[in-house]
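Here the structure is laid out as structure tokens; the discussion comes afterwards.
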Amino acid sequence: MIGSEEQDAFVRSMKACVVTTLRKDGSPATSVLFYAVDGDELLLSTTKDRLKAQTLRRDPRIVVTVLDEGAPYQYVSVEGTARLEDDDLVAAHTLINRAMRGAPEWAPPEGFEARLKGEGRVVIRVTPGRVSGVVRRG
């Protein structure tokens, strides 16, 4: 579970997030990504040469903030540690694509693994540490 039951349900119901990593000088680097939930972890995709991957190789601290896709009053921030994985790309990217598309039946097309490898894709697997946010306003 990611945070409380309420936070976990919120994170599992959304598909986009803001990701923050730390540059060498300590300043934040932020980007917007789709994500998927795999058990108690978050999965993100990037390429091995992008800034996210470079910063995480040096410092695995990460913050993933999931925003309400409607009114921006609900959010969950997941502070945690990340690890980059370049094996089993198809399984992780299948989960990400299903979440991103809102299509649990989505299946990878022929040549999917070759395409992922050709693009230099890696998976960022985030293990939550601290979870906070507002998921219900009343």
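The values are calculated or read from the model by the stated rules, or taken from the named source; none is laboratory data. Note that the coordinates shown come from a computational prediction; the quantities given were computed from them, not determined experimentally. Please note: Cβ atoms are built from the backbone with ideal geometry, for glycine as well, and neighbour counts cover all protein chains shown. Please note that ligands, DNA and RNA were not included when accessible areas were found on the heavy atoms of the full protein model with its side chains. Shrake-Rupley method; radii C 1.70, N 1.55, O 1.52, S 1.80 Å.
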(request) For Thr94, put the label point 7 Å out on the Cα→Cβ axis and report which residues of the range 40-69 keep their amide N under 20 Å from it. (result) 40-46
(message) From the alpha carbon gyration tensor of the range 53-124, can you work out the equivalent ellipsoid semi-axes (sqrt of 5 times each eigenvalue) and give them in Å, largest to smallest?
(response) 24, 20, 8
(request) Of the listed values [x] 1.03; [y] 1.08; [z] 1.19, grab the one calculated as Cα Rg over 2.2 N^0.38 Å from the structure here. (result) [x]
(request) On each of the three principal axes of the Cα atoms of the range 33-93, give max minus min coordinate, whole Å, ordered largest first. (result) 36, 25, 20
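Kindly provide the helix-only [θ] at 222 nm of the chain, computed as the sum of -39,500 (n - 2.57) over DSSP H runs of four or more divided by all residues, to the nearest 500 deg cm²/dmol? The partial results should precede the final answer.
On the way: 4 runs with 37 residues, N = 138.
My calculation for the chain gives -7500 deg cm²/dmol from helical runs alone.
What number comes out for accessible area per residue over the chain if the probe is 1.4 Å? Units Å², please.
Working: 7570 Å² over 138 residues.
Heavy-atom SASA per residue in the chain reads 55 Å².
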(message) On the Cα set of the range 1-48, report Rg and Dmax in Å, please.
(response) 12.6, 36
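Taking the Cα centre of the range 44-138 as the origin, how large is its charge dipole in debye, to the nearest 20, when only Lys and Arg (+1) and Asp and Glu (-1) carry charge on their Cβ atoms? Let's see the in-between values first.
Working: 16 positive and 13 negative charges, 81 e Å.
So the dipole magnitude of the range 44-138 works out to roughly 380 debye.
Using a 1.4 Å probe on the protein chains only, how many percent of the accessible area of the chain belongs to carbon and sulfur?
50
Looking at the chain, how many pairs of lysines come closer than 20 Å at the Cα, when each pair is eight or more places apart or spans two chains? Mind showing how you got there, number by number?
Working: Lys15/Lys52; Lys24/Lys48; Lys24/Lys52; Lys48/Lys117; Lys52/Lys117.
Summing the qualifying lysine pairs gives 5.
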(request) Run the numbers on the chain and let me know its relative contact order in percent, using alpha-carbon pairs under 8 Å that are six or more apart. (result) 30
(request) State the three equivalent ellipsoid semi-axes of the range 85-138, derived from the C-alpha gyration tensor as the square roots of 5 times its eigenvalues, in descending order and whole Å. (result) 28, 16, 8
